[in-house]
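Trainee: If you scroll down you'll find the structure; I have some questions about it.
The values are calculated or read from the model by the stated rules, or taken from the named source; none is laboratory data. Bear in mind that the values here come from a model prediction, so they are computed numbers and not experimental data. Cβ sites come from the backbone with ideal geometry, for glycine too, and all protein chains shown count toward neighbours. Ligands, DNA and RNA are stripped out before the accessible areas are found, and what is left, the full protein with its side chains, is counted by its heavy atoms. Shrake-Rupley method; radii C 1.70, N 1.55, O 1.52, S 1.80 Å.
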Amino acid sequence: MKRAISTLSWTLAALLVAGLTTSSPGNHAGVFSADAVAADHFEASKAGAEVLAAGGNAADAAAATMLALGVVNPASSGLGGGGFALYYRAADRSVSFLDFRERAPRAADPTMFEVQGERADGPANAPSQLGGLAAGVPGEAAGIEALVTRFGKLALREVIAPALRLAQEGFPVSEALARMGSAFDVQLAKDDLMSTWDLRSETVLKRPGLARVLRAFADHGAGVIYGGVIGQEMVSSVRRHGGIMTLDDLRAYRVRNREPIEANAFGYRWTTAPPPSAGGFTMVQSLSILEKAVGDEPSYGAPLLHAMAESWKGPFLDRQSYFGDPDFVIIPIDGMLDPHRIERRAELAAREGAQPASAYELPVEWGRKHTKTPD
């Protein structure tokens with residue numbers, strides 16, 4: 001495939017998956033012939049590479065990287081949160097998707113964040129952002145255990161080891177962590193634990209409390225977090241700060257196996273995350289629109305970039321209108337990917353000049369009512 005599509009795929013990955021780009025496709029830290037690990041902190045990337053060197057595979061490295069990132073850059077990862085894992089196994093070319101996002105406690109209701117009264121100082125102070133109500137039932141520990149036991153080659157203890165070492169021995173505070181500490185200094189000052197952290201850049205931060213949790217995780221598996229002593233302490237803390245999580249919420253948590261979304265565009269097989277993630281669908285639909293708008297071998301330049309920008313408008317409208325948690329709502333993926341809707345949006349994307357977003361607003365029923373692209 002021509003360089004245009006290579007550049008296109010890189011750009012889509014940067015903009016749609018990462019959310020921003022800070023370098024051009026030609027800028028890189030090195031050329032890697034066997035394997036590479038990329039995270040938003042050097043120590044986290046190093047943890048994943050260490051596990052690969054010890055005989056682990058991609059699943060082991062991803063888990064080790066997540067855990068280490070939760071130690072050194074807690075705004076990016078952590079055992080109190082959750083995530084998704086899309087895993088490709090070369091042996092049989094199968095793709096699996098694990099959903100271990102955090103979930104709402106059973107006692108949650110539509111009005112739970114409509115709390116009146118005085119707000120805390122500083123940014124991110126709404127009830128959905130600060131305090132016990134902001135805490136969801138965590139999924140990361142269960143997801144890491146599922147990733148390692150289902151796909152990995154190493155023992156869970158070996159995968160946890162780099163993160164445990166960082167928590168015990170300490171690590172230099174990064175500029176990003178220092179900036180986070182400065183931005184949220186008012187909230188951190190009110191927290192019993194984080195108020196003790198010295199978040200000046202390059203100071204060494206140790207996290208003995210997290211080390212204790214990681215050691216228990218390594219020794220006893222995720223069960224210690226979902227019902228053991230760690231889980232009991234978590235629930236007690238959440239409820240002490242006004243939350244509604246219970247030990248039953250933790251015990252009921254399960255990792256979901258979901259079917260990935262697949263599409264063929266520009267000569268490639270694209271496999272990505274299904275709902276409740278919306279980014280994967282946005283990418284797949286925009287690629288389908290773009291291929292019809294510019295052809296399967298376009299030249300890189302302004303027309304392609306214009307069509308690319310236009311191709312995002314319809315998918316983001318669908319994202320706003322139809323997406324939710326598939327455990328609770330029906331998401332009409334097939335209707336949103338209806339060929340007639342794709343063709344209509346491709347026709348608009350191919351026109352000169354920016355089109356109003358409203359032009360792309362086609363209900364899912366639209367495709368079933370049209371056998372050809374309307375004028």
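Trainee: Given the residues A75, A141, A47, A124, which is the only one that is modelled with pLDDT of 95 or more, farther than 22 Å from D327 by Cβ and not aromatic (F, W, Y)?
Mentor: A47
Trainee: Please state which of the following conditions A62 fails to meet, knowing it meets all the rest: (1) open to solvent by less than 40 Å² (accessible area, probe 1.4 Å); (2) assigned to a helix (DSSP H, G or I); (3) not acidic (D, E).
Mentor: So A62 meets the others, but not (1).
Trainee: Right, next: Name the residues in region 180-222 that are small (G, A, S), open to solvent by 30 Å² or more (accessible area, probe 1.4 Å) and either at pLDDT 95 or above or in contact with a helix residue (DSSP H, G or I) (Cβ under 6 Å, 6 or more places away or on another chain) (or both), would you?
Mentor: The answer is A189, S195, S201, G209.
Trainee: Of the conditions (1) more than 14 Å from the chain's Cα centre (by Cα); (2) open to solvent by less than 40 Å² (accessible area, probe 1.4 Å); (3) in contact (Cβ under 8 Å) with a residue 40 or more places away in the chain, S94 satisfies every one except a single condition; which number is it?
Mentor: Failing condition for S94: (3).
Trainee: While we're here: Report yes if V71 is outside any loop (DSSP other than H, G, I, E, B), open to solvent by 20 Å² or more (accessible area, probe 1.4 Å) and β-branched (V, I, T), otherwise no.
Mentor: When the stated conditions are applied, V71 does not pass them.
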